[in-house]
2 protein chains.
Amino acid sequence: GVAPAVQAQAAIRWRLSSSFPKALDTIHGAADVFAQNVKAMSGGKFEISVHAAGEITPPFGVVDAVQQGSVEMAHTAPYYFFGKNETFALGCAIPFGMNSRQMTAWMYEGNGLKLMREFYAKYNMISFPGGNTGAQMGGWYRKEIKTVADIKGLKMRIGGFAGRVLERMGGVPQNIPGGEIYTSLEKGTIDAAEWIGPYDDQKLGFNKVAPFYYYPGWWEGGPQLDFFINQKAYDALSAENKAIVGAAAAVAHTTMQAKYDAKNPGALKELVGKGTKLRAFPDAVMKEAFKQSMAVYDELNEKNPDWKKIYGDYRKFQAEQNLWFRFTEMTFDKFMQAQKL
Amino acid sequence: GVAPAVQAQAAIRWRLSSSFPKALDTIHGAADVFAQNVKAMSGGKFEISVHAAGEITPPFGVVDAVQQGSVEMAHTAPYYFFGKNETFALGCAIPFGMNSRQMTAWMYEGNGLKLMREFYAKYNMISFPGGNTGAQMGGWYRKEIKTVADIKGLKMRIGGFAGRVLERMGGVPQNIPGGEIYTSLEKGTIDAAEWIGPYDDQKLGFNKVAPFYYYPGWWEGGPQLDFFINQKAYDALSAENKAIVGAAAAVAHTTMQAKYDAKNPGALKELVGKGTKLRAFPDAVMKEAFKQSMAVYDELNEKNPDWKKIYGDYRKFQAEQNLWFRFTEMTFDKFMQAQKL
């Protein structure tokens, strides 16, 4: 009969450790979408429990946990691990890097996924793109940024790798967990903080303690999240389950960006309605940040052979993308954004 | 034992009819990706054969075929069927509509998929987003378009719905299958023709018979392809197979856009290298086309209640998207496209 045979097929149970709190229904939600899809496609025979940041591993301990096999998989932003090797950032976001669509193209149809997987193999992991936030905002500031000189001495909470660029501009990057940013800004321990975008930022209430909201987040033009899976655990899967994992990740990848796009406009309107002042970074600040970023990359090309190999491919792909996007995509978007609909 | 039980589970075999020729490895390829994923995830128990345009149904006969159940599913551009009801175009592209990312957000996280499925239910079909080309080019022209007056009398091959706008501008839209465009342009039977973008257009050799290549394709800022499945065939699937179909469609949806993005830049460079002259539509032409498009929509709102209901939601979503995209996304992209990488 059918029933005993179905039971004979061993159920698979995995644990997924997220670097994000449950409150981030956007990013944390992408891991839920992934797990729900795996369960549904496998008819309940493959179950993955999703654990929020800190539940079974610290937020930034997820790569160690996957590498050692203490959890089968993680959902994280690879650039958190640039301290292990700067190359992690190339699988996520680097200052003045690719936008969301370009990053996805590099991953699936360029050399991105192949090259990043070769690199992640050193950590006993295989990666799957697992979401993108789109271009993030440039953060919340207690005072306006009018010139490059205003960055001098600016104490700013900023995510990992971008701090190196801020430092070269005279800023003082601070590493502060999401839950502590509000108090630090309120007390004036820091002068500025970047997090994600309107929908997520509004939840943490930064608008109440810093009036100026800057754009664009030049250090995160299209940051990609990844699912990291322990290589041994992945290799033990059947061909069907491997295909299921890949497709479930693609669903999460696509719907997470869609969710950000759907949620951000309303949140932005609310923030502005409550008095938030939107500001574009001055061109001189953008240019100086670009210059300093390129200097950081030049140094890394000298020092880090993993970086050099992948960065070369990344930049070439990006240059060609920008060549093409500036014609029909940009012209269409610019025209539409100028219309009253 | 396991083996007999596996055999007892009936194999499912479906036929998918595509509106596109095999030579379009981009769009036709998305149906192949879908079928391969379904097969892999089901461990070979669910097989879908992909049939190119004309193989079992004419390219524009696929909706009738799915509705009647003579094939289980199709892969097509919904706007081909605007003659049945203009509402089909809202699930694909309308002049001055949403871009690719916005369309995906409306589908997955707005009301898009829900509303379009309610409409497609009238045709006994359920839909799944199945790819996007991104903003298309505005086509190939034997002579330059310098003023709105240059559109007067212009005989142009243009896809379906957009012809109504061209007509209002004094143009003469022509319905010509892909394979006959080249000869028509060469002979001068038509003055202009739009197809897709550099990668696909180059294959058909339009650059040899028309020197001017215009952008943006204002009638196709982010056209979405769809998988249409006969409702009865879909309902007969197990919960697992339904989940597999949905995820396989999402994989095809995401990787098709990625493929266009990866392939178009190289093709554009080659075309320009061979003498193609890139031209932006003059602002006056864009504005007149926008005005005439809005007039078409006003008329449709009066005449077509299906259209009116969905268009209202579409436009509201689009207006909010554009509000948000003009800040951090646009500013980031504009800055990057101005840099030498």
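The values are calculated or read from the model by the stated rules, or taken from the named source; none is laboratory data. Fair warning: this is a prediction, and the values are worked out from it, not measured in the lab. FYI the Cβ positions are ideal-geometry reconstructions off the backbone, even for glycines, and counts take in every protein chain you see. The area values use the complete protein model at the heavy-atom level, side chains included, leaving out ligands, DNA and RNA. Shrake-Rupley method; radii C 1.70, N 1.55, O 1.52, S 1.80 Å.
Structure above, values below:
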| read-out | value |
| --- | --- |
| Near pairs, Cβ below 9 angstrom, 6+ apart or cross-chain, from region A:249-261 (free of Cβ contacts under 8 Å to residues at least 60 places away in the same chain) to any residue that is part of a helix (DSSP H, G or I) and among the aromatic types (Phe, Trp, Tyr) | A:THR254/B:TYR108; A:ALA258/B:TRP106; A:ALA258/B:TYR108 |
| Some residue of region B:54-62 being closer than 14 Å to B:GLY130 by Cα and in a helix (DSSP H, G or I) | no |
| Yes/no for B:MET286 being of a type in the set (A, V, I, L, M), crowded, with 19+ Cβ neighbours inside 10 Å, facing chain A (nearest Cβ under 10 Å) and more than 23 Å from the chain's Cα centre (by Cα) | no |
| Members of region A:123-152 that are over 30 Å from A:GLN102 (Cβ atoms) and either part of a helix (DSSP H, G or I) or touching a Ser or Thr at 6+ places or on another chain (Cβ under 6 Å) (or both) | A:ALA149, A:ASP150 |
| From B:GLU167, B:GLU220, B:GLU180, B:GLU194, residue being surrounded by fewer than 18 Cβ atoms within 10 Å (Cβ to Cβ) and within 24 Å of A:PHE335 (Cβ to Cβ) | B:GLU167 |
| Of all residues making up region A:101-115, the number that are open to solvent by less than 10 Å² (accessible area, probe 1.4 Å) and more than 7 Å from every other protein chain (Cβ to nearest Cβ) | 4 |
| Condition check for A:LYS316: farther than 28 Å from B:GLN318 by Cβ and open to solvent by 20 Å² or more (accessible area, probe 1.4 Å) | yes |
| Breaking point among (1) under 18 Å from A:VAL245 (Cβ atoms); (2) modelled with pLDDT of 95 or more; (3) open to solvent by 10 Å² or more (accessible area, probe 1.4 Å); (4) in a loop (DSSP other than H, G, I, E, B), for A:ALA10 | (2) |
| Only one of A:VAL209, A:VAL148, A:VAL172 that is of a type in the set (Val, Ile, Thr), within 21 Å of A:LYS274 (Cα to Cα) and either open to solvent by 20 Å² or more (accessible area, probe 1.4 Å) or free of Cβ contacts under 8 Å to residues at least 12 places away in the same chain (or both) | A:VAL209 |
| Matching entry among A:LEU154, A:LEU113, A:LEU166, A:LEU90 (being in contact with an Asp or Glu (Cβ under 6 Å, 6 or more places away or on another chain) and at negative phi) | A:LEU154 |
| Selection within region B:133-157 - under 22 Å from A:MET330 (Cα atoms) and within 22 Å of the chain's Cα centre (by Cα) | B:THR133, B:GLY134, B:ALA135, B:GLN136, B:MET137, B:GLY138, B:GLY139, B:TRP140, B:TYR141 |
| Residue count, region B:155-164 (criterion: under 21 Å from B:GLU299 (Cβ atoms) and either touching a Leu at 6+ places or on another chain (Cβ under 9 Å) or open to solvent by 10 Å² or more (accessible area, probe 1.4 Å) (or both)) | 4 |
| Cross-chain or 6+ apart pairs with Cβ under 8 Å, region A:313-341 first and at the interface with another protein chain (Cβ under 7 Å from one of its Cβ atoms), then β-branched (Val, Ile, Thr) and open to solvent by less than 20 Å² (accessible area, probe 1.4 Å) | none |
| Residue in region B:257-267 that is open to solvent by 20 Å² or more (accessible area, probe 1.4 Å) and more than 24 Å from B:PHE128 (Cβ to Cβ) present | yes |
| Residues of region B:68-84 satisfying the condition of being part of a helix (DSSP H, G or I), crowded, with 22+ Cβ neighbours inside 10 Å and not hydrophobic (A, V, I, L, M, F, W, C) | B:PRO78, B:TYR79 |
| The one condition in (1) away from every other protein chain (no Cβ under 12 Å); (2) free of Cβ contacts under 8 Å to residues at least 40 places away in the same chain that B:LYS45 fails to fulfil | (1) |
| B:GLY178 being closer than 20 Å to B:PHE20 by Cβ, within 23 Å of the chain's Cα centre (by Cα) and modelled with pLDDT of 95 or more | no |
| B:ALA65 vs. criteria outside any strand (DSSP E or B) and either among the basic types (Lys, Arg) or open to solvent by less than 10 Å² (accessible area, probe 1.4 Å) (or both) | yes |
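Conditions tested, residue by residue: (1) more than 12 Å from every other protein chain (Cβ to nearest Cβ); (2) surrounded by fewer than 24 Cβ atoms within 10 Å (Cβ to Cβ); (3) acidic (Asp, Glu).
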position: B:ILE229; (1), (2), (3): yes, no, no
position: B:LYS232; (1), (2), (3): yes, yes, no
position: B:ALA239; (1), (2), (3): no, yes, no
position: B:ILE244; (1), (2), (3): no, no, no
position: B:ALA248; (1), (2), (3): no, no, no
position: B:LYS274; (1), (2), (3): yes, yes, no
position: B:LEU278; (1), (2), (3): no, yes, no
